[in-house]
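Have a look at the structure below before the remarks.
The values are calculated or read from the model by the stated rules, or taken from the named source; none is laboratory data. Not measured: the values here are computed from a predicted model. For neighbour counting, all protein chains shown are included, and Cβ atoms are generated from backbone atoms with ideal geometry for every residue, glycine included. Protein only, heavy atoms only, side chains kept; ligands, DNA and RNA dropped before computing areas. Shrake-Rupley method; radii C 1.70, N 1.55, O 1.52, S 1.80 Å.
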Amino acid sequence: MTDEATPIPDYPFDQPHVLEPPREWAESRSKCPVAHVRMPSGDVVGLLTGYDEVRTLLADPRFSRDLSRKGAARLSNTEDGGLFSRTTAGTADIQEGPGHQRWRRLLSRAFTVKKMEAWRPRVQEMADELIDAMLAKGAPVDLRQELALPLPVRVICALLGAPSEDQEKFAYWSEVALTLTKYSQDEVDAAQQAFMDYASDLVEQKRAHPGDDLLSELTQISDSQDGRLSHEELVSTARGLLLAGHETTSNMILKMTALLLSERERYEAVVADPELVTGTVEECLRMDPLAGVGIPRFITEDIEVGGEPVGSGSSLLVNLAAANRDARKFPEPDRFDAHRDNSSQHVTFGAGPHFCVGQTLARVELKVVLDTFARRLPGLRLRDTPEQLRQREGVAAGGLQELWVTW
C-alpha cells in the first residue's frame, strides 16, 4: 500500500519508448498487491499488476464493473468520468449478474471457435485484397490506414451486417468514447449521440429487413415471445461490438507488427517456419506494452486483495498487460518466446464472467494477418526506429498512432 508520505504517481505511466513497458509495472508488483495512482480526473484508484490478483478480481462478483455508482472513481478529465462511468438507459440489466449471463449466452453462440474458424477464408480474402492494394501503392505505407483499420472494420461489419464504408466514423466515435484527456465533454456527448443514432437506425433496418448476419439474428430473437433483448439492449450490443470488434484488433495488428519487426529475428523465425504463427501471436498478445489503462472495478464490500484490506466503496484498476509480465506466472517475462508453453494463459482478453466474447475472432484475424505477411511480405520492415514510433495520446485504449512499413 502507498505510504501517506509518498507522492501518488500520475497514471498512465510514462514509457521509455512505445515498445518498452513502464518500469512502474514491475516496481508496483514487487512492493505490494495494491498500489495507488492518480487518474487524469484527479481521483485516486488502487492498481493491480500481479497475475493472480488480477485473475481473482476479474472473476469475483463483488467487484462491480458499474462505475456510475456513488463514490466510484472517475477516470478521465471529462465531466462524466469517461467511458467506464457512462451508462445507457435501458441497458443496466446486461452489465453484470444474471442479465449479463443471459446476454453472454446469446452472444456466445455466434462466437464459437467453430463459427469463427469458418470465417477464416473470408478474413483471408479481405486481407489479400488489402495487401494487393498496399503492394500496388508501393512502400512506404501507413499500415494503420492500409490494413490494420480497414480489415477489422470489414470483418465486424460483415458479421453484424453493417456498411464497412463507415470505418472512419467508427474509428472516430470509438476514440472519442475512450478519451482520457483528448476530447471535451461536448465532443464526447456529440459522438456518443451520433453513434447511438447510427446503431439504433441499424437495428431498425435489421428488424424491418433481416439478413444473414448476427444483428438480424439478435433482432429477431428480441422480437420473439421471450423478448430477451430490448431495443436499447440491441443498440448497446451493436455499439459495443462495432467498437470492440475493430478498435482492439486494429490496435493489436499494429502492436504485433511493431513487436516483431523491431527485433526482426522474431519475424524472420515466422517466415522460416509458419508453424510458429500461433505461438507468435499469443506471445505478442502477452507482451503487449501499449494495452491502455486497464479495467476498472468498484468494490461493493470490504475485501482483501493479496492479503491487503480494501474497503467497500473503493475503485480498483486491473492492469492486464502488467499482469502478463508477472515472473511468478511467466518465467523471464520480458523475453519474447514463441515456444513458451503457457503463453496462451495470458489475461489480455480478461478473465471471469466478462472474458472477451470476441477473442476467438480476434485471434483468427491476427493469425491471418501474420501468416499472410510472412508468405507475401517476407522483407517487411519498419520505416522508423522503435524510438521514433508514436503512441496514441489521451485515450484509454493505448496503441500506436501510425506504423509506417516498407518491404
Q: Show the residue pairs that are 6+ apart or on different chains and have beta-carbon atoms under 8 Å apart, the first residue being within the range 201-216 and free of Cβ contacts under 8 Å to residues at least 24 places away in the same chain and over 9 Å from Gly161 (Cβ atoms), the second being in a loop (DSSP other than H, G, I, E, B) and open to solvent by 60 Å² or more (accessible area, probe 1.4 Å).
A: Arg207/Asp223
Q: From the list Met116, Met134, pick out the single residue that is within 19 Å of Leu243 (Cα to Cα) and not small (Gly, Ala, Ser).
A: Met116
Q. Across the range 239-254, which residue is modelled with the lowest pLDDT among those that are over 11 Å from the mean Cα position of the chain (by Cα) and open to solvent by less than 10 Å² (accessible area, probe 1.4 Å)?
A. Leu242
Q | Condition check for Gln225: among the polar types (S, T, N, Q) and either surrounded by fewer than 17 Cβ atoms within 10 Å (Cβ to Cβ) or at pLDDT 95 or above (or both) | A | yes
Q: Could you list all residues from the range 360-382 that are crowded, with 17+ Cβ neighbours inside 10 Å and either in contact with a Pro (Cβ under 7 Å, 6 or more places away or on another chain) or of a type outside the set (A, V, I, L, M) (or both)?
A: Thr360, Arg363, Glu365, Lys367, Asp371, Thr372, Phe373, Ala374
Q: Return the pairs, sorted by first residue and then second, in which the second residue is open to solvent by less than 10 Å² (accessible area, probe 1.4 Å) and not β-branched (Val, Ile, Thr), the first residue lies in the range 367-379 and is under 18 Å from Ala136 (Cβ atoms) and in a helix (DSSP H, G or I), the beta carbons are less than 9 Å apart, and the residues are 6+ apart or on different chains.
A: Thr372/Ala127; Phe373/Leu260; Phe373/Tyr267; Phe373/Leu380
Q.
Can you tell me how many residues within the range 295-316 are touching a Cys at 6+ places or on another chain (Cβ under 8 Å) and in a loop (DSSP other than H, G, I, E, B)?
A. 1
**Q.** All positions within the range 55-76 that are basic (Lys, Arg) and in contact (Cβ under 8 Å) with a residue 60 or more places away in the chain
**A.** Arg55, Arg62, Arg65, Arg69
Q | Scan of the range 266-286 for residues that are within 20 Å of the chain's Cα centre (by Cα) and open to solvent by 10 Å² or more (accessible area, probe 1.4 Å), ordered by number | A | Thr278, Gly279, Glu282
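Of the residues in the range 161-179, how many are open to solvent by less than 40 Å² (accessible area, probe 1.4 Å) and assigned to a helix (DSSP H, G or I)?
Step one: of the range 161-179, the residues open to solvent by less than 40 Å² (accessible area, probe 1.4 Å) are 161-162, 164, 166-167, 170-171, 173-179.
After this cut, where a residue has to be assigned to a helix (DSSP H, G or I) as well, the list is 164, 166-167, 170-171, 173-177.
Number of matching residues: 10.
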Q: Give the residues of the range 18-51 that are out of contact with any Leu (no Cβ under 7 Å at 6 or more places or on another chain), closer than 25 Å to Ala258 by Cβ and open to solvent by less than 50 Å² (accessible area, probe 1.4 Å), sorted by residue number.
A: Pro21, Pro22, Glu24, Trp25, Arg29, Thr49, Tyr51
